[in-house]
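**Q** Before I ask anything, here is the structure I am working with.
The values are calculated or read from the model by the stated rules, or taken from the named source; none is laboratory data. Remember, it's a predicted structure, so these values are computed and weren't measured experimentally. Neighbour counts are summed over all protein chains in view; Cβ atoms, including those assigned to glycine, are modelled from backbone coordinates with ideal geometry. Note: accessible area is taken over every heavy atom of the protein model, side chains too, but ligands, DNA and RNA are not part of it. Shrake-Rupley method; radii C 1.70, N 1.55, O 1.52, S 1.80 Å.
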Amino acid sequence: MAAKKQDAAKTNKRKRLNTETHEGPSNSKVSKFVASKKHKPESVGKEKTKTPLTGRERRLQAKELADARKKKRKRHYTLEQELARLWEKMRRHEIAKEDRARLVTEALQKMKGKIAEIAGSHISSRVLQTCVKHCSQVERDAVFEELRPHFLSLAYNAYAVHLVKKMLDNASKKQLAGFISTLHGHVAPLLRHMVGSVVVEHAYELANAAQKQELLSELYSAELQLFKDLVSLKESRLLDVMSKLGLQKGSVLRHMTSVIQPILEKGIVDHSILHRVLLEYFSIADKSSVTDIIQQLSSPLIVRMIGTRDGAKIGIFCVKYGNAKERKKIIKGLKGHIDKTAYHQYGCMVLVCILSVVDDTKLITKVIIRELQTTLKELVLDKNGRRPLLQLLHPNSSRYFSPDDLASLSLSIPSLSLKSEASSLTETSNVSLGDKESKEDIEVAVDEVNKDKTSIDDSDLAESGKKDPFVRRQELLIKSGLADSLLDVCIESVGELIRSNFGKEVLYEVATGGSDGIMHPTLDDKINSLHNAVASLVAMPKSEDSEEEHVLENFHSSRTIRKLILDCPSFASALWEKALKGKSELWAHGHSCKVISAFLESPDLNVQKLVKKELQPLIDNGILKNPKPKEQASQ
């Protein structure tokens, strides 16, 4: 084995020698050079290597490279950097007005002639907004004139749109009218754009009635989109516009559908101009078109619409005319937004409609009632928040709902309301007798309505549910535990509620047991506890040192107690026995005298007998008048 290994070693050595001899002199020089490089002292290598950069130096170098690239890519990069430095100074709160005016003028001078080009930049747009806010009127007019030819292109830019809105906020009437005229023919395309729609909505909110009609009219028809001044302010409704111009219903519907559908598909439903267009569309559209729109809107989209007057009306339509599945989607879409919706001026009416129409009381209890119970006291004290509660306690009362509110709850869509559809179609036929084609369309539509009367399932178009309204109220108010929670809140905060402008109305309805006695006899014990709580407040001694007015002298509470005495005999008896018996002479003056007189005006004879012995001397002495009972006075 050892001999074999020695032979192998010799052969390998010969091979190495052969390869070295076959290589040329150049290769040997290279090998010598490599060898010499390998054996160089370490000190020489260190001298040639560069010293490493610090972190700060690396950041500065990277910034310089980035700036160089931005200068090549952005035409006005240097100008934007200068403007940013000026903006940092001018936007400070503590800066003097003169210094800010000087900085604004300097910035505007630098931007002159280039405003339209740099307005789409994130930095420049913010600088321009600050300049427009703080500059003089002359400077603002100059900026407006420079931007006038470019408003439409800027309206599509995510940053420039804020500048356009700022310009409109500070525009004169003449400038606003000029801007609205530039939008002519472009309203529909802008509304289909997420950014552009914001500009149209802002202009619509600032516009007067005639300008609003100008913006709306081109969404109604292709003719109105092409030609201005065809419609005057008198024809504010779409039906009036159609009758004046003799427009065919079919062409108007096709045009409006082509405008509305892309907007709804993109989910751009926040704007009041669209809500107005949808309401006008509902007034002329056929059943299938309306149901398609309602089906599209019966989703979480509805939450974004009910913040405007017209949007809330659309929400009410969706609840009234949607089927059970669509109503369920609407209610589930409101989940998590009930509190905010209840406090809203218009949104609360959608909740009122849901509580009045939808039969699925279990779903309403789970989604709406449970969320309302978490902030019950705040809702009771709020002008809008109390309305859903009052609708359950006393439905559709003109005492708590304005005529406009009640009208919005009773609105109907002509094509889904069979009685009104035939009459409305015949009215439009009388208006446009000169147009043969439109007359034929209307006659066909009337025939279709008459045929549909026998075939349409009334349950699909029910404006109110199948369930009895009293049973629905009972399930939502009593079985859900809402009435029990309301009584607890009223008893705990009786002093605060009875003295408040809005809380007193809820307390009155709860104390009387609600309309039709809905809370009797289930909650009689708690209602009596509330009566006693009010009586305890009245029984408190009159004190001049106290900062808080006595309930019999306070404007709101004294009138609430008087109304309870007249309308609730059990409360009147409890109040007299526990608080006023033997003290009537003390309270027979000022605001409180009306409370004492209410016992004599009570329609309940037992209440009159209860107080007559003590109050008769006061009448004889002229301290109290002898009023006729309420029933006799009304006769």
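**Q** Could you run the Karplus curve 6.51 cos²θ - 1.76 cosθ + 1.60 with θ = phi - 60° over segment 305-311 and give me ³J(HN,Hα) per residue in whole Hz, x for Gly and Pro?
**A** So the Karplus estimates, Gly and Pro as x, are 9, 7, x, 10, 4, 5, x Hz.
**Q** What length, rounded to one decimal in nm, is gained on full extension from Glu547 through to Lys383, with 0.36 nm per residue of separation minus their alpha-carbon distance?
**A** 56.5 nm
**Q** For the pairs Lys578/Lys625; Lys97/Lys133; Lys313/Lys479, flag any whose C-alpha to C-alpha distance is greater than 18 Å.
**A** Pairs exceeding 18 Å: Lys578/Lys625; Lys313/Lys479.
**Q** Among 521-532, 498-509, 286-297, how do they line up by average Cβ neighbours within 10 Å per residue, starting with the highest?
**A** 498-509, 286-297, 521-532
**Q** Kirkwood Rh, segment 77-194, all Cα pairs: how many Å?
**A** Value: 14.7 Å, from the Cα pair sum.
**Q** Go through Tyr220, Tyr156 and list them by solvent-accessible area, largest first, probe radius 1.4 Å.
**A** The ranking, largest first, comes out as Tyr156, Tyr220.
**Q** Still on this model: With label points built 7 Å along Cα→Cβ from the Cα atoms of Lys583 and His93, find their separation and express it in nm.
**A** Each label point is offset 7 Å from its Cα along the Cβ direction, giving 5.0 nm.
**Q** Right, next: In the structure shown, do any of Lys325/Lys526; Lys114/Lys266; Lys563/Lys609 have a Cα-Cα gap over 26 Å, and if so which?
**A** Lys325/Lys526; Lys114/Lys266
**Q** Further, regarding this structure: Rounded, prolate or oblate for segment 216-321? Axes are the square roots of the Cα gyration tensor eigenvalues, ordered a ≥ b ≥ c, and the cut-off for rounded is a/c under 1.5.
**A** Cα axes put segment 216-321 in the prolate bin.
**Q** Now for a separate question. From the square roots a ≥ b ≥ c of the eigenvalues of the alpha-carbon gyration tensor of segment 294-336, which class results: rounded (a/c under 1.5), prolate (a/b over b/c), or oblate?
**A** oblate
**Q** Which order do Glu64, Glu553, Glu280 take by accessible area at a 1.4 Å probe, largest first?
**A** These residues rank, largest area first, as Glu64, Glu553, Glu280.
**Q** Count the net charge of all other residues whose Cβ sits under 14 Å from the Cβ of Glu88, scoring Lys and Arg as +1 and Asp and Glu as -1.
**A** +1
**Q** For segment 277-362, which whole-number percentage of the solvent-accessible area (1.4 Å probe, protein heavy atoms only) is attributable to carbon and sulfur atoms?
**A** 51 percent
**Q** Across segment 259-267, in residue order, what do the Karplus-derived ³J(HN,Hα) couplings come to in whole Hz, using 6.51 cos²θ - 1.76 cosθ + 1.60 with θ = phi - 60° and x for Gly and Pro?
**A** 3J(HN,Hα) across segment 259-267, in whole Hz: 7, 6, 4, x, 5, 5, 5, 7, x.
**Q** ³J(HN,Hα) across segment 177-184 via Karplus (A = 6.51, B = -1.76, C = 1.60, θ = phi - 60°), whole Hz, x for Gly/Pro?
**A** Result, ordered by residue: 4, x, 5, 5, 5, 5, 6, 4 Hz.
**Q** Please label the shape of segment 552-591 as rounded, prolate or oblate, based on the square roots a ≥ b ≥ c of the eigenvalues of the alpha-carbon gyration tensor (a/c under 1.5 means rounded; beyond that, a/b larger than b/c means prolate, else oblate).
**A** Cα axes put segment 552-591 in the oblate bin.
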